[in-house]
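Nothing in this text is a laboratory measurement; each read-out follows from the coordinates by a stated rule. Predicted model only: the values in this text are computed from it and were never measured. FYI the Cβ positions are ideal-geometry reconstructions off the backbone, even for glycines, and counts take in every protein chain you see.
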Amino acid sequence: MRKNIVAGNWKMNKNLQEGVAFAKDLEAALAGKALKCDVIIGTPFIHLASVASSTKLGVAAQNCADKASGAYTGEVSADMVASTGAKYVILGHSERRTYYGETDAILKEKVLLALANGLSPIFCIGETKDEREKNVHFDVVKKQTVDALFELSAEDFSKIVIAYEPVWAIGTGLTATSAQAQEMHAYIRQTIADKYGKEVADNTSILYGGSANGGNAKELFACPDIDGGLIGGASLDVEKFIPVIEGF
Ligand code: 13P
């Protein structure tokens, strides 16, 4: 059966010392608790090796290059990410799509390289406010999924974690209602079932992201198709992150 996952995405926050200290504090705070989900922290590149070697928490990069290696100044390859001990990579976040021009075609390459290097992509999809108001949100989310992921084999697809992050809910305090999130998660799962079959769809973890916090996690995670969260702001403080993890 699919895993429950709570993943933090620090985005561009915390220097190296702050990040390593946070990971140790979080691990200590979780020790002895009977967790009902896997916990992952998505750190900037420079933290990956230190955090992965000093804690047992799951560790994710927030990006990787769309090229395997070579003369691409400033880029970090999937092989380099995997060599740190990180097991996950967040790909397709709306901030990468919007600010850094990442298209479905680029993301498709990143997904392939991540998988080839043994990383599980946490693949983000989600509509803008305008797209929801125009009632095209289901089409947008389907296209993002199909264009970047649906040429994968069923075996490779089964290594993907999906994160539904409505862009209008990210960092805005406007969480999708649990009904809105459940409706979209069920749609995504059906879309996966139509392509890969019910078993693969039932085994795919689909996380919700967008102003999720300790106050709304429990209600969101109680929905049958919501298998956890990708958490931005509320993942930056141990005291705020723990109640999200305990939403399960
Ligand atoms: P917030 O939780 O800050 O809204 O961010 C969500 C997000 O973008 C996680 O990737």
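About its Cα centre, the dipole of the stretch 61-207 is roughly 140 debye, where the only charges are +1 on Lys and Arg Cβ and -1 on Asp and Glu Cβ. Annotation for the stretch 113-127 versus the stretch 12-27: alpha-carbon center distance of 23 Å.
Using the Cα centre of the chain as the reference point, and only Cβ charges (+1 on K/R, -1 on D/E), how large is the resulting charge dipole? Debye, rounded to the nearest 20.
Details: 25 positive and 31 negative charges, 73 e Å.
Dipole size: approximately 340 debye.
May I ask you to compute the full-extension gain from A222 to A29, defined as 0.36 nm times their residue separation minus their alpha-carbon distance, rounded to one decimal in nm? If you can, show how the numbers build up before the last one.
Working: separation 193, 0.36 × 193 = 69.48 nm, distance 2.36 nm.
Full extension of this stretch gives 67.1 nm more.
Size estimate for the stretch 20-102 follows the Kirkwood approach: the inverse of mean 1/r over distinct Cα pairs works out to 13.9 Å.
A simple charge model with +1 on the Cβ of Lys and Arg, -1 on the Cβ of Asp and Glu and nothing else charged puts the dipole of the stretch 1-83 at about 360 debye relative to its Cα centre.
What separates the Cα centres of the stretch 66-109 and the stretch 195-248 is a distance of 23 Å. State the percent of C-alpha pairs, over all pairs in the stretch 125-202, separated by a distance greater than 14 angstrom. Result: 62 percent of Cα pairs exceed 14 Å. Here the stretch 153-171 is scanned for amide nitrogen atoms under 17 Å from the site 7 Å beyond the Cα of K195 along Cα-to-Cβ, giving 153-165.
Each of P243, T204, S158 was placed along the dipole of the chain (beta-carbon charges, centred on the mean Cα), and the one lying farthest toward the positive end is P243.
Calculate how large, on average over all directions, the projected area of the Cα convex hull of the chain is; give the answer in nm² to one decimal.
Values: hull surface 49.4 nm².
Computed as one quarter of the Cα hull surface, the answer is 12.3 nm².
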